[in-house]
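Q: This structure is in structure tokens; I'll ask about it shortly.
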Amino acid sequence: MVKPFYLDLTESEIADIQEKTGEILRTGNLILGKYTEQFENEFARYTGCEYAVSLNSCTSALQTLLTLKGVRGRKVAVPTNTNFASVAAILHAGGQPVYMDMTRDFFVPDLEILKFTYDKNPELAGVLWVHIAGIIPPDFEEVAEFCKSKNLFLLEDCAHAHGSQLNSTKAGNFGDGGAYSFFTTKVMTTIEGGMITTNNPEDAAFVKSYRNQGKRGGNFGGLHQDLGNSWRLSEIEAYMGLVQLAKLDEMVGRRQRAVDALVPLLKEKNIDFCDTGHMQQASQYKFIMLYKGELSVDELKANFKEEDVALGGGVYEVPCHLQPVFESVPFDENHVKVAHKFCPKHICPPITSGTTDSDIGKIKSAIQKYF
Ligand SMILES: Cc1ncc(COP(=O)(O)O)c(C=O)c1O
């Protein structure tokens, strides 16, 4: 069965992690030690940001950034086409989500959608953008300029966007802070984990305090000065992050090659897909294909399974404005029309850094049969 997830660790990398785990356990330095610091430094360098601060998840990273921006009681624009976590983080931080629609071409908003949302909500405090599937839209630099000109903060949810780059800038380095996820299914993983990227030293210091029970200045001892949380990454996870980060570009390259192997068939069959050709590098966390037929996504999933292909989740089949938990978040149907129409009409073939030629063959024959 072609699977949608793949843990990209070789036997020698596993042996290395085992050895380092032994070392970490023997020394007893289990948190906020040398591997956490090294992982943060190398992640900052990779993204081109001045600072990177690790946390236990992207959800907590988002909530920390939103708290830092003082969103309590204020409106924050967020795409309706996103994971639960983006909207939940705004609510947990006391903010009011305002949904943005998406374009059919990229499944993310664009400058026009943001301007429209701002015109309708001039009291917006800022924007929590989400690079769905790892896609940074072609006009994202203008989005960042627009936010600056209107005094809106711009935070980037980069949970899907490891390695994604538009022109010379990596995801998480366009605005006022980025939040990455290292959850098990992501492009790189620490099993659970997250990271904030920023160029602001005060923000980085706040995050370091906020993830560690509000202790400013040092990790251990001292007074609690911020109403923070226990949201640290462990040293073992940080070491795993170092191993994964070292091969991130290689893993993304393998995803891209799998996408490249599929695209000619899609073009031949006139199947629309989200084309990331305008980006310098796209994470290819998910490859979004539009479906014009009559079957539901569940029926398509069952059919693909018959062909030995397990379709993973889409991004996202059910946008947030339809999620039961967000029932109390107001929205205008006319402002989420594209997401409403196209979210339930896409699939993501199972492409990972472990996709083989034989997997591609199976995916292609399922597409030939059902599209
Ligand atoms: C877009 C997006 N943001 C945030 C998150 C939350 O990540 P984490 O599980 O690390 O909290 C996810 C997780 O799936 C996600 O897809």
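The values are calculated or read from the model by the stated rules, or taken from the named source; none is laboratory data. Note that the structure is predicted; figures quoted are calculated from it, not measured. Backbone-built Cβ (ideal geometry, glycine too); neighbour counts: all protein chains shown.
Q: Would you mind stating whether residue 86 is closer than 23 Å to residue 68 by Cβ, within 12 Å of the ligand (Cβ to nearest atom) and small (Gly, Ala, Ser)? So that I can check it myself, show each step before the final result.
A: Numbers: closer than 23 Å to residue 68 by Cβ: yes; within 12 Å of the ligand (Cβ to nearest atom): yes; small (Gly, Ala, Ser): yes.
Spelling it out, residue 86 is indeed closer than 23 Å to residue 68 by Cβ, within 12 Å of the ligand (Cβ to nearest atom) and small (Gly, Ala, Ser).
Q: Mind checking which residues of the stretch 195-240 are within 12 Å of the ligand (Cβ to nearest atom) and either farther than 17 Å from residue 93 by Cα or loosely packed, with under 15 Cβ neighbours inside 10 Å (or both)?
A: Scanning the stretch 195-240 gives 195, 233, 237.
Q: For a quick check of your reading of the model, give me the residue pairs whose first member lies in the stretch 154-167 and is not assigned by TED's automatic domain parsing to the domain that holds residue 314 and in a strand (DSSP E or B), whose second is among the polar types (S, T, N, Q) and within 12 Å of the ligand (Cβ to nearest atom), with beta-carbon atoms closer than 6 Å and at least 6 apart or on different chains.
A: From the stretch 154-167, the pairs are 157/86.
Q: So which residues in the stretch 39-57 are in a helix (DSSP H, G or I) and in contact (Cβ under 8 Å) with a residue 12 or more places away in the chain, if there are any at all? So that I can check it myself, show each step before the final result.
A: First pass over the stretch 39-57, keeping only residues in a helix (DSSP H, G or I): 39-47.
Those that are in a helix (DSSP H, G or I) and in contact (Cβ under 8 Å) with a residue 12 or more places away in the chain: 39, 40, 42, 43, 44, 46, 47.
Residue by residue, here is whether (1) touching a residue at least 12 places away in the same chain (Cβ under 8 Å); (2) under 23 Å from residue 290 (Cβ atoms); (3) among the polar types (S, T, N, Q) holds:
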| residue | (1), (2), (3) |
| --- | --- |
| 100 | yes, yes, no |
| 109 | yes, yes, no |
| 113 | yes, yes, no |
| 117 | yes, no, yes |
| 121 | yes, no, yes |
| 127 | yes, no, no |
| 138 | yes, yes, no |
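Q: Run down 61, 93, 52, 88 and say which single residue is over 19 Å from residue 200 (Cβ atoms) and of a type in the set (A, V, I, L, M, F, W, C).
A: On the way: 61 fails: over 19 Å from residue 200 (Cβ atoms); 93 fails: over 19 Å from residue 200 (Cβ atoms); 52 fails: over 19 Å from residue 200 (Cβ atoms).
Only one candidate passes the filter, namely 88.
Q: Also, I was wondering about something else. Could you list, in sequence order, all residues of the stretch 279-306 that are in a loop (DSSP other than H, G, I, E, B) and more than 19 Å from the chain's Cα centre (by Cα)? Give the derivation first.
A: Narrowing the stretch 279-306 to residues in a loop (DSSP other than H, G, I, E, B): 279-280, 282-288, 291-296.
Those that are in a loop (DSSP other than H, G, I, E, B) and more than 19 Å from the chain's Cα centre (by Cα): 291, 292, 293, 294, 295, 296.
Q: May I ask you to say which residue of 62, 55, 91 is surrounded by fewer than 22 Cβ atoms within 10 Å (Cβ to Cβ) and hydrophobic (A, V, I, L, M, F, W, C)?
A: Working: 62 fails: surrounded by fewer than 22 Cβ atoms within 10 Å (Cβ to Cβ); 55 fails: surrounded by fewer than 22 Cβ atoms within 10 Å (Cβ to Cβ).
Result: 91 is the single residue among 62, 55, 91 that is surrounded by fewer than 22 Cβ atoms within 10 Å (Cβ to Cβ) and hydrophobic (A, V, I, L, M, F, W, C).
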